[in-house]
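Notes to accompany the following structure.
Each value in this text was obtained by applying a stated rule to the coordinates, not by laboratory testing. Computed from a prediction, not measured in an experiment: that's the story for all the values here. Note that each Cβ is placed from the backbone with ideal geometry, even for glycine, and that neighbours are counted across all protein chains shown.
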Amino acid sequence: MNRFFILALLVITVLSSCRGKVVMISGILEHPVAGKYIFLDELKSDKVITVDAVMLSGDGSFEMKIKIKNPSFYQLKINQNNFLTMLVEPGEKIKMTSHFDSLNYPVVVSGSKGTGLIADYNKKLLSTRNKIRGLNDLFNNNTGRSDMTAFIDSLDRLGDAYLNEINSYAKEFIDKNISSLATIPVLYSMLTPSLYVFDPQQDLQYFLKVDSSLFSLYPEYGPVIDLHNQINEMRAYFATSGTQAAAGGEYTEAPEIALPDPGGDTIRLSSTRGNYVLLDFWAAWCPPCRAENPNLVAVFNKYKSKGFLIYQVSLDKTRDAWLKGIKDDGLGGWIHVSDLGYWNSSVVPLYRLESIPANFLLDREGRIIASNLRGDALQRKLEELFN
């Protein structure tokens, strides 16, 4: 073969390879605000880097161009509250149409399979959030009902159904797209600021599944490395916190708590041995906690004669707020303790609390047998234990 032909072929190949790494992103934002910029940020594991910014044209159109070597997460945004998470691959030509004020839910996305997957999941998540928001509205519009406990139970059942629905949808999403980086934001998606779609303990197999797949495909990508490290931490935690999920081990004892009750006497968690105990973390300033309290009252009254106790730990800041919450919600029947440390309470690192309400169900030997049971789920578990 002619030497110069080979050289020319090599040049063409190199140029084609470079072109293949260019990503084109264009779109139209309907009803734009004049003079506004749209930004493109690269999402790294430890920081966010703005890589491009352009002013929207009068009709809301824009165009950007970047070069990348590997599939990566980016964020197209107007501001911190209006953005679209994108999974971008080398050579993609992405086109989108969205309303100016809701980038996260584009009308159309083409040219990027990963971004399309994330956008579709976001729309399903939004639908579930709207249902949950509807339950909150019903609760706020019906305070003072004579049948409030039964009414809250019905809302809890609906809430559990909505959560189970999005949880099943997310699991199916992961099963269908197990080799896609789009599974990472799905794993950590949230319905509310304190409610994740996946529970790290109950859904541990899906965290393991995603980690196993992605770490073999993208072992040097920051977000994948972060996930892998978190999975290893979760394994270690579950191995010592009394759950069997990590490695099929035996249940272990709940860490000891020794805090003062409202009268100033120190009450140890271990003093409740011989009973099934719900160790519940709450605060008077926490609306979801207050909404769950009527359910706790109902199950306590039903099973207290059978050896069921509640040991409730408050993360309140002041004694007055704590005691008022106990009185207003009618929680006087069980054990209350608190160091009034708020998020600096000694129990936060001990039980690795990241949000409340949170709870752990202990057997008669003080071992954790379940966690974060609320509404119908708690009632079903207690019925199983006592009947």
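General observations
- Selection from ILE78, THR115, LEU155, by position along the positive dipole direction of the stretch 37-155 (Cβ): THR115
- Put a plus charge on the Cβ of each Lys and Arg, a minus charge on the Cβ of each Asp and Glu, and nothing anywhere else: the dipole of the stretch 52-168 about its Cα centre is then about 380 debye.
- Set LYS327/LYS381; LYS36/LYS209; LYS21/LYS77; LYS123/LYS302; LYS306/LYS327; LYS44/LYS131 screened for pairs whose C-alpha atoms are more than 31 Å apart: LYS36/LYS209; LYS123/LYS302; LYS44/LYS131
- Applied to the stretch 184-200, the Karplus parametrisation 6.51 cos²θ - 1.76 cosθ + 1.60 on θ = phi - 60° returns per-residue 3J(HN,Hα) values of 5, x, 5, 4, 9, 6, 10, 7, 9, x, 10, 10, 8, 5, 9, 8, x Hz, with x for Gly and Pro.
- Trypsin sites (Lys or Arg not before Pro) lying in DSSP loop within the stretch 267-358, provided at most 16 other Cβ fall within 10 Å: ARG273, ARG352
- Between 0 and 90°, nearest 10: helix 148-176 axis offset from the chain longest Cα axis: 30
- Dipole axis of the chain (+1 Lys, Arg; -1 Asp, Glu on Cβ), positive-most option in TYR218, ALA298, TRP285: TYR218
- Within the shell defined by Cβ-Cβ distances under 14 Å, the residues around ASN79 carry a net charge of 0, with Lys and Arg each +1 and Asp and Glu each -1.
- Burial order of peptide ranges 212-221, 42-51 (average beta-carbon count within 10 Å, highest first): 212-221, 42-51
- Dipole magnitude of the stretch 248-387, debye to nearest 20 (Cβ charges: Lys/Arg +1, Asp/Glu -1, about Cα centre): 240
- Candidate values (i) 1.22; (ii) 1.02; (iii) 1.27 were compared with Cα Rg over 2.2 N^0.38 Å computed on the shown model; the agreeing label is (i).
- Inter-centroid distance (Cα atoms) of the stretch 111-132 relative to the stretch 309-378, Å: 34
- Helix 222-240 axis versus longest C-alpha principal axis of the chain: approximately 20°, rounded to the nearest ten.
- Centre separation in Å (Cα based) which lies between the stretch 36-61 and the stretch 142-188: 32
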